[in-house]
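As structure tokens, the structure follows; a few thoughts come after it.
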Amino acid sequence: MGVAAVSNEFSVRNLGEQFNLMLASLGPWCYVPGFLLLVGATWYYFRGKRMIPQALEDDELFPQANLTFCRAMFLANLATVLMFLAMALGYAASWGVNLSWFLLIGHIIWMTAIQARIISATKKLFPEKRGDIFDFKFQKDWYESCDEAERQQTAQCSYQAFKVMGLIFPGIMAILSILSVIDLVAPSYSLLVGGLWLVQQFVYNYTSLQMDKKRS
């Protein structure tokens with residue numbers, strides 16, 4: 001039994017090492033998914049931009065134009081996350097580090113430009129919208145310019161994200177705890193994920209407490 005347990009542990013550890021080597025071998029290729037999403041975001045942006053003149057005069061076309069820009073921003077936001085993943089994996093690679101720097105800069109420029117264009121185009125559909133994407137107060141200004149229905153939509157989306165992460169965080173913590181016990185991952189991984197979970201819970205509960213104090 002002891003020999004079998006040790007053998008299984010080493011096989012799992014070797015599998016982990018092989019997986020890390022595979023990720024390191026990708027190099028600059030890690031940026032491909034993010035760039036593909038940016039291509040999609042750019043395509044939706046130009047499609048929506050062509051619809052603006054007619055959408056401002058046609059009430060039936062207006063929601064379709066707005067949805068097109070929403071899809072563009074959705075892809076651009078996902079590309080942002082993939083960029084950071086690619087940055088971490090690209091510089092841990094055994095080749096193409098200089099190319100990874102070039103791709104990172106290109107990704108940031110493209111991502112920022114398309115997001116700014118989408119926001120600008122959305123403001124043409126909704127002139128009451130406020131906020132500069134290059135301003136640190138952009139999210140606050142944009143939210144304050146939303147009507148009640150849009151704020152309710154934001155609240156529902158936030159709730160869904162909180163509910164999903166409330167399931168993911170405990171699951172990941174349990175897996176990391178098991179892997180840490182058998183020395184497959186460092187305890188610092190659990191500390192990192194636990195810290196993120198703690199921040200989420202603190203912000204949610206602190207905000208709820210402050211809102212309750214205002215109503216009391």
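On the basis of being basic (K, R) and open to solvent by less than 90 Å² (accessible area, probe 1.4 Å), does R47 make the cut? Spelling it out, R47 is indeed basic (K, R) and open to solvent by less than 90 Å² (accessible area, probe 1.4 Å). Taking region 51-71 as the search range and keeping residues that are touching a residue at least 12 places away in the same chain (Cβ under 8 Å), of a type outside the set (S, T, N, Q) and under 14 Å from K124 (Cα atoms), which one is surrounded by the fewest Cβ atoms within 10 Å (Cβ to Cβ)? The selected residue is L56.
Conditions (1) in contact with a helix residue (DSSP H, G or I) (Cβ under 6 Å, 6 or more places away or on another chain); (2) modelled with pLDDT under 90; (3) on the phi > 0 side of the Ramachandran plot; (4) not small (G, A, S), marked per residue:
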| residue | (1), (2), (3), (4) |
| --- | --- |
| G2 | no, yes, no, no |
| V6 | no, yes, no, yes |
| L23 | yes, yes, no, yes |
| M51 | yes, no, no, yes |
| D58 | no, yes, no, yes |
| L89 | yes, yes, no, yes |
| I105 | no, no, no, yes |
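Looking at region 72-191, the helices (runs of 4 or more DSSP H) lying wholly inside it that each contain 3 or more residues that are open to solvent by less than 90 Å² (accessible area, probe 1.4 Å), in contact (Cβ under 8 Å) with a residue 60 or more places away in the chain and closer than 30 Å to R50 by Cβ sit at 97-125.
The values are calculated or read from the model by the stated rules, or taken from the named source; none is laboratory data. Computed from a predicted structure; not experimentally measured. Methodologically, a virtual Cβ is constructed for each residue, glycine included, from the backbone with ideal geometry; neighbour enumeration extends over all protein chains shown. Side chains included, ligands, DNA and RNA excluded: accessible areas come from the protein's heavy atoms. Shrake-Rupley method; radii C 1.70, N 1.55, O 1.52, S 1.80 Å.
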